[in-house]
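Step one of this worksheet: look at the structure below.
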Amino acid sequence: MTGTNPFETLAGAYDAWFDAHPQVFESELEAVRAVLPERTGAWVEIGVGTGRFASRLGIETGIEPAASMGALARQRGVRVLEGTAEDVPLEGSSVQAAFLITTLCFVRDVGRTFSEIRRILVQGGVVVVAFLPRGSTLGRRILEDGGGDPFFREARLLSTVEVLAAMARAGLRVERIVQTVTDPSGVERVEAPSAGFDRGSFVVIRGSVPTRRTKESTQS
């Protein structure tokens, strides 16, 4: 990221967005909740930011490169480790569920990011990827005027097809896709998530590391 890093200098402004748009935030939370796995082990959010999602979803650990953002997440009770999505400071096969929530558009290497997630997940572990698709209503709006937003100025939005392809290359099997925020211009209530990714400006994909049994059944 060139110049001054807004995630360091404007962490408070970033965090204030959630208070200013509570219906959008709650809609996004409901979409992520719709694909949560049963908890049997450690959960981690990569790119935890200020801890808004992690603290509400019960994700105990977050990975965050920006100290200012991480400090706010710690105030919300999240254990924060300094690191990036491409170099996660966790041992292999140590996590049951890994979350990428509005993080993917800010990583430098998408392939490396999913390879790291595959590395840290246990067999049968789950990845939850929530993002703003490039072709969605909000995605197109960001592409049109994102240069005026300090956070999205250097973001690289991906299409859902691109995200699915990157997951497949990393050996992650897609289990479910939901969407919400189908009308970003007039969110006046919390929107229940729906299946698919054809209308939503916030899409959530749940994937997993195939177990040996799954691989064997696929090959038979």
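Bear in mind these aren't lab numbers, they're just calculated from the coordinates by the rules spelled out. It should be emphasised that the depicted structure is a prediction, and the values quoted were computed from it without experimental measurement. Ideal geometry is used to build each Cβ from the backbone, glycine not excepted, and the neighbour counts take in all protein chains shown.
Things worth noting here:
- Estimated 222 nm signal from helices in the chain, with DSSP H stretches of n ≥ 4 weighted -39500 (n - 2.57), rounded to 500: -10000 deg cm²/dmol
- Simple spin-label estimate for Arg112 and Arg153 gives 2.3 nm between the two label positions (7 Å along the Cα-to-Cβ direction from each Cα).
- Phi to ³J(HN,Hα) by Karplus 6.51 cos²θ - 1.76 cosθ + 1.60 over the stretch 30-46, Hz, x for Gly, Pro: 5, 5, 5, 4, 5, 10, 5, x, 5, 7, 10, x, 6, 10, 9, 10, 9
- Close amide H contacts of Ile101 (hydrogens built in the peptide plane, cut-off under 5 Å, sequence separation of 5 or more or a different chain): Ile46, Ala130.
- In order through the stretch 64-79: 3J(HN,Hα) via Karplus (6.51 cos²θ - 1.76 cosθ + 1.60), integer Hz, x for Gly, Pro: 8, x, 8, 4, 5, 5, x, 4, 5, 5, 5, 4, 8, x, 8, 7
- Cut-off under 5 Å, modelled amide H: who pairs with Phe202 long-range: Thr180
- When each of Val129, Val187 is scored by the number of other beta-carbon atoms lying within 10 Å, the sequence from fewest to most is Val187, Val129.
- Full extension of the chain between Arg212 and Arg33 yields a length gain of 61.7 nm, computed as 0.36 nm times the residue separation minus the alpha carbon distance.
- Ranked by the mean number of other Cβ atoms within 10 Å of their residues, highest first, the peptides 100-106, 16-22 fall in the order 100-106, 16-22.
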